[in-house]
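Please read the structure below before turning to the comments.
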């Protein structure tokens, strides 16, 4: 198999679209199809299957992508060594939710770019923890940040970095702020401002209400945490959000914390990567820098 074929396969596995793959690599679509067929013939197994109009990786295709990624990284490292390049280069693809990108990662990214100026960083949104884990398993992310309760990782290495506190918040003047303790039944007539389905803290809130047999009918769903915050400030409803996203707004009096006393398993910011991932120097350094930064922050 040729490096060109592996690059084509990797791109097609990530886009799941041969036409888009051809555009990205500046090939004719017939060339993409021919290269994939040649790989499948050499491996004696189908790597893709088409169901209706959509393209999917087969199970052998998903397994082969892990090895293709490793081969391409080793090929690039070998090229660097033989050409006398000392500065690591390449690309790191990172998955993270908006709250992590906005409030937690900027200082880490700055330090990393100072250390590895030739490494390109690509961020891909992970609106839920399950989405991030799925992309890691598919090989579409090198590393991801998730916010969840502690769970075993199976095929993933998942490391806890720092504990996150959740706050139920409302605009000043909301009647719930007058209560010394708020119970699920108190939320029945409230408008809930929610993150997307699959978000761990949305799931916690909905499960808590469901156990109490409380089913609020007024719900708005948002992709953006910042949009939720602005709606809370405007008095459109209440939301459960990470403390790091709302602490400044609470300090400034733009919103207030509701005295929500329901028991909950603690949430943690965690970093995750595939157990079979080839640990390049930039990837190892990024993980270690993240560990050091967030765990030092936790102890302050």
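The values are calculated or read from the model by the stated rules, or taken from the named source; none is laboratory data. Quantities reported herein were computed from a predicted structural model and do not represent experimental measurements. FYI the Cβ positions are ideal-geometry reconstructions off the backbone, even for glycines, and counts take in every protein chain you see.
Points worth noting:
- Single residue of segment 136-147 satisfying the filter (touching a strand residue (DSSP E or B) at 6+ places or on another chain (Cβ under 6 Å) and over 14 Å from residue 10 (Cβ atoms)) that is surrounded by the most Cβ atoms within 10 Å (Cβ to Cβ): 144
- Candidates 89, 99, 128, filtered to the one that is closer than 27 Å to residue 65 by Cα and within 16 Å of the chain's Cα centre (by Cα): 128
- Applying the criterion of being surrounded by fewer than 17 Cβ atoms within 10 Å (Cβ to Cβ) and in a helix (DSSP H, G or I) to the residues of segment 42-65, the residue that is farthest from the chain's Cα centre (by Cα) is 42.
- Residues of segment 116-127 that are crowded, with 20+ Cβ neighbours inside 10 Å and not in a strand (DSSP E or B): 116, 126.
- The one condition from (1) touching a helix residue (DSSP H, G or I) at 6+ places or on another chain (Cβ under 9 Å); (2) assigned to a loop (DSSP other than H, G, I, E, B); (3) surrounded by fewer than 17 Cβ atoms within 10 Å (Cβ to Cβ) that residue 190 does not meet is (3).
- Taking strands (runs of 3 or more DSSP E) as the structural unit, those lying wholly within segment 204-300 and holding at least 3 residues that are at pLDDT below 95 and surrounded by fewer than 18 Cβ atoms within 10 Å (Cβ to Cβ) correspond to 219-221.
- Residue within segment 75-96 that is out of contact with any strand residue (DSSP E or B) (no Cβ under 8 Å at 6 or more places or on another chain), modelled with pLDDT under 85 and buried (at least 19 other Cβ atoms within 10 Å of the Cβ) present: no
- The conditions of being in a strand (DSSP E or B), closer than 20 Å to residue 283 by Cβ and either at pLDDT 90 or above or not assigned by TED's automatic domain parsing to the domain that holds residue 10 (or both) are met by residue 146.
- A search for C-beta distances below 8 Å between a residue of segment 8-29 that is without any contact (Cβ under 8 Å) to a residue 24 or more places away in the chain and assigned by TED's automatic domain parsing to the domain that holds residue 53 and any residue that is surrounded by 15 or more Cβ atoms within 10 Å (Cβ to Cβ) and in a loop (DSSP other than H, G, I, E, B), counting only pairs 6+ apart in sequence or on different chains, returns 21/27.
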